[in-house]
Every structure is written in C-alpha cells, then in structure tokens.
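Report on the following structure.
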Amino acid sequence: MTQNIYDNEEFFAGYSKLPRSERGLLGAPEWPSLRAMLPEIAGLRVLDLGCGFGWFCRRAQEQSALSVTGIDVSEKMLARAKAESDPAIQYHRADMDSLTLVRGSYDLIYSSLAFHYLKNLGALMGEISGALVPGGRLVFSVEHPMVTAPRYPGWQKDADGTRLWPVNHYLEDGARETNWLVHGVVKQHRSMTTYVNMLIANRLQLLHIEEWGPTDAQAAAMPSLLDERQRPNFLLVSAGRAQ
Ligand SMILES: C[S@@+](CC[C@H](N)C(=O)[O-])C[C@H]1O[C@@H](n2cnc3c(N)ncnc32)[C@H](O)[C@@H]1O
C-alpha cells in the first residue's frame, strides 16, 4: 500500500493552499507546455492517473472528451474532485501501484506530478501500454530527476554566491524521504535513463520531452521562476502507443 500522504490532515491543508490547488491548471506554470503536448481531446476516452482535485478531468470534459475517468488514492482529493465536477466524470479510488486497466480502453492517458510517488511504475507503464489503443497517447509530468535524486535536496551557494543545486545519488533509483509540507514524504527517484527505458520497454514511442523552464514572459511576471532555469523542477513527456 502506498503512503497516501495526501490524506494526511496537515499535508492536505498545506497542499490545498498552493496556487495550483486554488487556481488549477492556470496556477501551474508548466501547464502551457503540457497542454501543447496533448492531442485534440474532443471525442477521446481520457484517463487521468493521480487526478487530484480533478482540474484536468474537468478541462477534458469541457473539451468534449467522449468519456473522462479520474483515478486517485486519496479520499480527500477525490471528495473535492467529485464535489466540483459534473457527475458524468467518473472518479475511482485506487492505488496506482497495483492498478490494472482494461486493454484498449483509452485514447489518452494523462498524469500530472503523480508517477514519482509510485514504487511499481514499470508495472503501471505495462498497464498503460495495454490500455491505450494503438496510436493512443500518454502525456505525463514528474518531478525532475535532478530534484528527486539528492537525499537532502536544497539550494546552496557556490564560491561567487550563485545559487547552486547539488545533485548526488543520481544513478541510485529508489525511495527518498523528503520534507515537503510535512516531514517524511516518500517519493521515488528515477534517472532520466530509467524513465526513457520504461517507455521503450512498453512500446511507448517518445514523441516529445521537456525539462520545463519558464518563458521570458513567465519569468518577468514571477522572477522566482528563474530558479527553474538553473535546475528544472519538472520533466514533461509525451509518448505514443506503437501500432
Ligand atoms: C501533486 S498531486 C497532483 C494532482 C493533479 N494530477 C494535479 O496535477 O493537479 C499528486 C496526486 O497523486 C496522487 N497519488 C499519489 N500516489 C498515488 C497512488 N499510489 N495511487 C493513486 N494516486 C496517487 C495523490 O493522492 C495526489 O492527488
């Protein structure tokens, strides 16, 4: 069973106050890049893995998806998703670490910032590959491996005072316990090699990859985002199910 930290009262309260929780997709600076990686959604059967508050599910429904399903392990996240969504969106509680999916049942599988919590991402990639129709698309984001690698992640300064993000343990895939909103949040580090080879092993062809950084306009509006050019926080991936 996964840690399910989003059902921890204190974590949930902190997470609920983040801009991306209050403003949804518009509060997520990487959203314009993810959106550009998506196919036309009208008429597609869409699955959102780790759907959280359901922001993307609602967006897919507004874009005339044929069906929209959101899966998450957190009762608290799902309760708000359901309360704020049209009943036509189906929400299910499940642990993605042991999820099975019906073969050939989706055209688009989307996941934003959830896969780095999973121990068994390799098995899930197999399920995703089987659940996508040939030509179907997987679009996902994860915390960047430069962020998940260190045992003690954090900014330092180099000799001339420039901000510096030390990276160690990079090739050691596995659990990292971090302090984010509360102590002891468990995330799973994977190198870039691991992510790419998981796609290859599961007949998912890499279409686009982005180590997200702000545009000049985003940086001008929010200068703190310039840190992301020193050390990207997000890895965005689009892959197509081979025929
Ligand atoms: C950072 S939030 C992202 C939520 C949403 N995708 C978004 O971008 O707004 C991560 C979500 O993944 C869910 N999650 C984490 N581990 C999970 C697991 N093993 N199975 C299902 N959902 C999980 C959490 O409950 C949480 O809602």
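Evaluate Rg over Rh across the stretch 53-125, taking Cα atoms for both radii and Kirkwood's formula for Rh. Across the stretch 53-125, the Cα-based Rg/Rh ratio is 0.95.
Short-range pairs are left out: with C-alpha atoms under 8 Å and at least six residues apart, the relative contact order of the stretch 53-180 is 18 percent.
Using the rule -39500 (n - 2.57) for each DSSP H run of four or more residues, divided by the residues of the chain, the 222 nm mean residue ellipticity is -7000 deg cm²/dmol. Arranged from fewest to most other beta-carbon atoms within 10 Å of their beta carbon, S112, S67 become S67, S112. For the chain, the relative contact order is 18 percent, taking Cα pairs closer than 8 Å that sit 6 or more residues apart in sequence and dividing their mean separation by the residue count.
Maximal additional length on extending the V133-Q243 stretch stands at 38.8 nm, based on 0.36 nm per residue less the C-alpha distance. Run the reach check for K119 against lysines, Cα to Cα strictly under 19 Å, same-chain hits fewer than 8 apart removed. What comes back? Qualifying lysines at Cα under 19 Å: K187. For R45, the amide hydrogen comes within under 5 Å of the amide hydrogens of L66, S67, D107, L108, counting only partners 5 or more places away or on other chains and with H modelled in the peptide plane. Inter-part distance, the stretch 210-243 to the stretch 156-209, computed on C-alpha centroids, equals 15 Å. A convex hull fitted to the Cα coordinates of the stretch 1-130 yields 105 cubic angstrom per residue. Counting 0.36 nm for each residue step from L164 to A201 and taking away their Cα separation leaves a gain of 9.9 nm. Working note: Karplus 6.51/-1.76/1.60 with θ = phi - 60° gives the stretch 185-190 the couplings 7, 9, 10, 10, 7, 9 Hz, where Gly and Pro are set to x.
Summarising the amide proton neighbourhood of W180: residues at separation of 5 or more, or on other chains, whose placed amide H is nearer than 5 Å comprise V185.
Our summary gives the stretch 118-243 a relative contact order of 34 percent, counting only alpha carbon pairs under 8 angstrom and 6 or more residues apart. Anisotropy class assigned to the stretch 1-75 is oblate, per the alpha carbon gyration tensor with a/c at or over the 1.5 cut-off and a/b no larger than b/c. For the stretch 90-100, putting each phi into the Karplus relation 6.51 cos²θ - 1.76 cosθ + 1.60 with θ = phi - 60° gives couplings of 8, 10, 10, 8, 7, 8, 5, 6, 9, 7, 10 Hz, in residue order, rounded to whole numbers and with x for Gly and Pro. Once you have a ≥ b ≥ c as the square roots of the Cα gyration tensor eigenvalues for the stretch 137-242, tell me rounded if a/c is under 1.5, and otherwise prolate or oblate according to whether a/b is larger than b/c. Oblate. Note on the chain: Rg/Rh from Cα positions, Kirkwood definition for Rh, rounded to two decimals, is 0.95.
Laboratory data are not the source of any read-out in this text; all were calculated from the coordinates shown. Being a predicted model, the structure only gives us computed values, none of them experimental. Positions of Cβ are backbone-derived with ideal geometry, glycine not excepted, and every protein chain shown enters the neighbour counts.
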